[in-house]
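Shown next, in structure tokens, is the structure this report addresses.
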Amino acid sequence: MKALMSLGALIGVAGLLLLGGMVLDVVPSTYIRLVEGYMPIQMLLEVACYVIGFTGLSYTLNAMGMAIPRFWQGIGFWVFFLLYLKYRMYPPIPFSVRAMYGTVSLVAVFMWVSASEEDWQKFKQPIMNVLDAQTGGNRLLRYLYLVLLPILIGGFSFNAMMPKSEEPIELRTVHPAPPASTKVHGKTYTLQTSQNPYRVNPEGKYDQEFSNANIVEQGMGRLMKPNANPWDDKNQGYLKYVREGGEIFYQNCHFCHGDNLNGRGLHAFAFNPIPANFTDPGTIAQLQETFIFWRVSKGGIGLPNEGFPWASVMPPWEQHLTVDEIWKVVLFEYWHTGYYPRTWD
Amino acid sequence: MGLLAGKRVLSIMALCMMVGLLLLPIVVALPSLAIGEEAPAGDTAKKDGDKVEKGRDVYYKTEGIVVGAPAPKTVDGPRDYPRYNFESRVLLWFANQQHLYYGSFVLAVPIFCMIIEFMGVVTKDKALAKRYDQLAYDFIKISLTAYSLTAILGGILIFTFLTLYPAFFSYLSGIFRPVMHIYALMFVAESGTLYIYYYGWDKMKEGFLKWIHLSMSVILNIIGTLLMFLANSWIGFMMSPAGVDEQGRYLGNIWHVIHTALWNPLNLHRILGNMAFGGGVVAAYAAYKFLASKTDEDRAHYDWMGYIAMALGVAFLIPLPFAGYWLMREVYAYRQQMGITLMGGLLAWLFIIQATMIGILFLSTNYYLWQAMGRMRGAEKYQRYIKYLVFILACGYMVFITPHTMVMTPAELKAMGGQQHPVLGNYGVMSAKNGGINVIITTTVLSFVWYMRGNKVSTVSWAKFGNIFMGIFFACAYFNIIFLAVYGYYIPANVRVGLSVPQVATTLSCLFFMFALNSVMMKGAKQLGPIEWGKISARSQYALIMLATAFTWMMGLMGYIRSSVRLFWHVNEIMRDNSPWAYTHTVGFAANMISFNVLFFWITILFVFWLGSLGAKKVPVESKAGIPGSIPQPIASH
């Protein structure tokens, strides 16, 4: 047990040094890489490692007779987590999310330090000592707080009220609600029931399972499946349509959406927000194929007005492409990203 | 003997009367189902042959004879939208919300009474039985005052509809006429049953009569539940109309109009929601009384009452997210754009707030349980592990509340390099959120298990094996839930939706198997000390108040979301809202309005509690007597 705790303490110290380095900009945030495809769970695992490390550290210090008071343990952990979010995570997390996480972690710290009466007494003892001011030091601290707290709160208020030159926050929603049906080139498509006419099996019938089996593999490599190369001239049917969709994509879409469909095309950074990243599991992977068909056809200008502002400059592609071409582009996007269109069965 | 027989006859007659009252509205309403005013017109039309006009049901796709008028095409003006110099929608919102709060409360509390009275009847310990009985009586007493207020608020709601939205209400009542009559008559039956149930409490407190009394509570709850189902059919129709053609003309099949796409999930969600809400309100009442108590005895009583109410409320809170998930799934299946508006589009921000509130509910529950462990000797062995539960809960909570689209300044957006954050963006979609909430619920179950065994040591021969098994079971459950949440990103969306089933099954397995196993292990267990009722921290009581407030706020929020998803429709895709208020409020305005409704409800319910305390009935002396600290132990823990 002792050895385990010592190991934990070692992890805790190493982790703190690493984070300290990141805060002081000695160690880059990317020193330990966030691995694509595993980032979300990696973050949770890292924080879990820190918690284990802190447990070990606390145990070891306790055994050495240098126990950290519960008050400082609580405050220390909270500060650690805020620093972790600010300096370890990249790309930078927006303030709103850090504020949410900061509040949750503060509540969590409160729940921890007040879970039992004994812990709660230990935690609030330093606060009570300062309030009671029985010693000279505590009396001094009390006066300091009396002066500093109003200044601090006043400073926050001043900062909050001060006019700023930066653009205001927009509560933008990524997925606008589609209409029940859409009319493209004179034909009405019901979004709930329409199907991509090019998602077909060798017999020419609509077959999502067949197409799913031929898309690129998901994950880091995004490799093509064996015998499923659309650029092989011999391929017919689904894979041929994917190729045609790819040609249309690279002639029209990749300038903004990028040649890897990750929203980082040549012109992407001329826009704010940059174009949609199709490789993100939160975009086309969440949607029905007909939704994409509608979005491509109608573009930013055709978005419903109940969710303004949409901040989309995508042109209404129905003015430039045929219905068949739009369906093929959609087919290609799913093939290339390795995602499956959403279905409701 | 003769007196007893007479009492039995009387009670059976009373019961028959209750059943009669229950059936009366159905009998009265039947003719209007079969030969309502429209029906002869239909018959006549049939006879005329060529005059028969048929319509196609917008949902069931069946053909039916048109028997109703089309939905009115309203115009903004005093005829369709008469108004004060104030937003009519806000007035209606207020009236509706208050009626719903009270309605939920008075439907939930009798269910609690039924459960607690039953516990009292079957408990062998006389003192404990009396205490349960007293508790059930206290509950129904609170509910009775609230019942009158519910009826008054219902009247206000109808008048608000009639005076501010006459065209819409006329259309709705035209379609639901027989249902509304049944509803009104069932309300009479509900009132009659409730009054007999309440005033007959003392007369029917023993023996066979007690069973009759108990069965009356069952009838009371059946009527109450049916009442709610009928009211749900109206909102179900407004969201997902059926039984009418594209013009909104009624096609003569009342069952189609009632049984819309969303009716069943709404019913389930509301039953569970009402129960959780009712538990929360009663727990808050107990917490308030606890904090205001002057004697240890009172503190012990209200501590116990708060625990029972909390346990009942949480028992219904645990399945509530799953019912909500089913409702949302049905919404998506009914109309994709409605689902996206709710969870990915215009109203998505409100869902983030909802997730936050759900998290608060579970966090408060866990916190209360940990505090409650402080009043039992022996629970210290679990308290030192609480910090790990806090960590797990916080992680699950953070994942659960992470928005898919983050609030950010354009500068932050640029720095992030795109709308989706590569790490946190993945927490924003359903797969991760399912994992988050299941982790939270499983942890709540674990907290309950710890609480239940807090002051006990199992004496069964296989105790060690049992403990190891439980530990492994929980570890596997966490692993499975998290694994499925991650795996969900690598499979098609329709399959991913299906993953929620094994995740929920894992959580429920923990709930049922672990509770059952724990109960078996703790049978005849060695007691390390009694539960010292009343010796709980004040913080725990604030947690209960927090729980109740969060319930109330969330109910207001979800009601607003459910209603707003129709956007500019009175009846979705059938009757358009042409009033000047057919737009969606800002998140800030909605939050303020919900807060106002919550505040108003709590002020008035405090008044109700105060009224209840005016005629407070003292706890019977014999039930108060006993060894200090041995006040009856709650059913959930023993």
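The values are calculated or read from the model by the stated rules, or taken from the named source; none is laboratory data. Since the model is a prediction, treat every value here as computed from it, not as a measurement. Cβ: placed from backbone, ideal geometry, glycine included. Neighbour counts: every protein chain shown.
When A:TYR189 is tested against (1) away from every other protein chain (no Cβ under 14 Å); (2) more than 32 Å from the chain's Cα centre (by Cα), exactly one condition is not met: (1). Under the condition of being crowded, with 21+ Cβ neighbours inside 10 Å and outside any helix (DSSP H, G or I), the residues counted in region B:116-170 number 1. For B:TYR367, are the conditions met, namely being among the hydroxyl-bearing types (Ser, Thr, Tyr) and either under 30 Å from B:SER293 (Cα atoms) or free of Cβ contacts under 8 Å to residues at least 60 places away in the same chain (or both)? The answer is yes for B:TYR367. Taking the numbered list (1) over 27 Å from the mean Cα position of the chain (by Cα); (2) free of Cβ contacts under 8 Å to residues at least 12 places away in the same chain in turn, B:MET521 passes all entries but (2). In summary, helices (runs of 4 or more DSSP H) completely within region B:373-454 and bearing 1 or more residues that are more than 7 Å from chain A (Cβ to nearest Cβ) occur at B:380-383, B:386-401, B:430-452. Within region A:51-66, the set of residues being among the small types (Gly, Ala, Ser) and surrounded by 14 or more Cβ atoms within 10 Å (Cβ to Cβ) comprises A:GLY53, A:GLY56, A:SER58.
For region A:87-104, the condition holds for at least one residue, the condition being that it is in contact with a Pro (Cβ under 8 Å, 6 or more places away or on another chain), within 14 Å of another protein chain (Cβ to nearest Cβ), surrounded by 12 or more Cβ atoms within 10 Å (Cβ to Cβ) and part of a helix (DSSP H, G or I).
Out of B:VAL52, B:VAL109, one residue alone is outside the structural domain of B:LEU268 (by TED's automatic domain parsing), over 16 Å from B:THR160 (Cβ atoms) and in contact with a helix residue (DSSP H, G or I) (Cβ under 8 Å, 6 or more places away or on another chain). It is B:VAL52. Here A:GLU217 meets each of (1) under 22 Å from A:THR343 (Cα atoms); (2) touching a residue at least 40 places away in the same chain (Cβ under 8 Å); (3) within 14 Å of another protein chain (Cβ to nearest Cβ); (4) crowded, with 16+ Cβ neighbours inside 10 Å with one exception, condition (4). Among the residues of region B:416-430, are any in contact with a strand residue (DSSP E or B) (Cβ under 7 Å, 6 or more places away or on another chain), touching a residue at least 24 places away in the same chain (Cβ under 8 Å) and either among the hydrophobic types (A, V, I, L, M, F, W, C) or crowded, with 19+ Cβ neighbours inside 10 Å (or both)? So far as region B:416-430 goes, no, none of its residues is in contact with a strand residue (DSSP E or B) (Cβ under 7 Å, 6 or more places away or on another chain), touching a residue at least 24 places away in the same chain (Cβ under 8 Å) and either among the hydrophobic types (A, V, I, L, M, F, W, C) or crowded, with 19+ Cβ neighbours inside 10 Å (or both). Scanning region A:55-76 for residues that are farther than 14 Å from A:ASP119 by Cα and polar (S, T, N, Q) yields A:THR55, A:SER58, A:THR60, A:ASN62. Filtering region B:371-420 to residues that are β-branched (Val, Ile, Thr) and within 20 Å of A:GLU46 (Cβ to Cβ) leaves B:VAL390, B:ILE392, B:VAL399, B:ILE401, B:THR402. Condition first: surrounded by fewer than 18 Cβ atoms within 10 Å (Cβ to Cβ), under 18 Å from B:GLY344 (Cα atoms) and within 11 Å of chain B (Cβ to nearest Cβ). Can you find one or more residues in region A:262-269 that meet it? No, region A:262-269 contains no residue that is surrounded by fewer than 18 Cβ atoms within 10 Å (Cβ to Cβ), under 18 Å from B:GLY344 (Cα atoms) and within 11 Å of chain B (Cβ to nearest Cβ).
In region A:281-305, the residues that are at positive phi form Cβ pairs under 9 Å with partners that are among the polar types (S, T, N, Q) and assigned to a helix (DSSP H, G or I), at six or more places apart or across chains, as follows: A:GLY299/A:GLN319. Going by what's in this entry, would B:VAL90 be described as β-branched (Val, Ile, Thr), at pLDDT below 95 and either surrounded by 13 or more Cβ atoms within 10 Å (Cβ to Cβ) or assigned to a loop (DSSP other than H, G, I, E, B) (or both)? Criteria not met by B:VAL90. Identification of helices (runs of 4 or more DSSP H) wholly contained in region A:240-345 with 2 or more residues that are of a type in the set (D, E, K, R) yields A:289-298, A:323-337.
Say we look at region A:105-138 and pick out the residues that are outside any helix (DSSP H, G or I) and touching a helix residue (DSSP H, G or I) at 6+ places or on another chain (Cβ under 9 Å); which of these is surrounded by the fewest Cβ atoms within 10 Å (Cβ to Cβ)? First the steps, then the outcome.
Taking region A:105-138 and keeping what is outside any helix (DSSP H, G or I), we get A:114-116, A:133-135.
Going one step further and asking which of them are touching a helix residue (DSSP H, G or I) at 6+ places or on another chain (Cβ under 9 Å), we end up with A:114-116, A:133, A:135.
Values: A:SER114: 19, A:ALA115: 25, A:SER116: 21, A:ALA133: 14, A:THR135: 11.
Among residues in region A:105-138 that are outside any helix (DSSP H, G or I) and touching a helix residue (DSSP H, G or I) at 6+ places or on another chain (Cβ under 9 Å), the one surrounded by the fewest Cβ atoms within 10 Å (Cβ to Cβ) is A:THR135.
For region A:120-140, indicate whether the set of residues that are within 14 Å of chain B (Cβ to nearest Cβ), free of Cβ contacts under 8 Å to residues at least 12 places away in the same chain and under 20 Å from B:SER537 (Cα atoms) is non-empty.
If we filter region A:120-140 for residues that are within 14 Å of chain B (Cβ to nearest Cβ), which is where we start, we get A:120-124.
Restricting the remaining residues to those that are free of Cβ contacts under 8 Å to residues at least 12 places away in the same chain gives A:120-121.
Those still in the list that are under 20 Å from B:SER537 (Cα atoms) too: A:120-121.
Yes: region A:120-140 contains one or more residues that are within 14 Å of chain B (Cβ to nearest Cβ), free of Cβ contacts under 8 Å to residues at least 12 places away in the same chain and under 20 Å from B:SER537 (Cα atoms).
The residues of region A:282-336 that are at the interface with chain B (Cβ under 10 Å from one of its Cβ atoms) and of a type in the set (D, E, K, R) amount to a single one, A:GLU306. Determine whether B:ILE152 is modelled with pLDDT of 90 or more, among the β-branched types (Val, Ile, Thr), in contact with a strand residue (DSSP E or B) (Cβ under 7 Å, 6 or more places away or on another chain) and assigned by TED's automatic domain parsing to the domain that holds B:TRP304. Against the criterion (modelled with pLDDT of 90 or more, among the β-branched types (Val, Ile, Thr), in contact with a strand residue (DSSP E or B) (Cβ under 7 Å, 6 or more places away or on another chain) and assigned by TED's automatic domain parsing to the domain that holds B:TRP304), B:ILE152 does not qualify.
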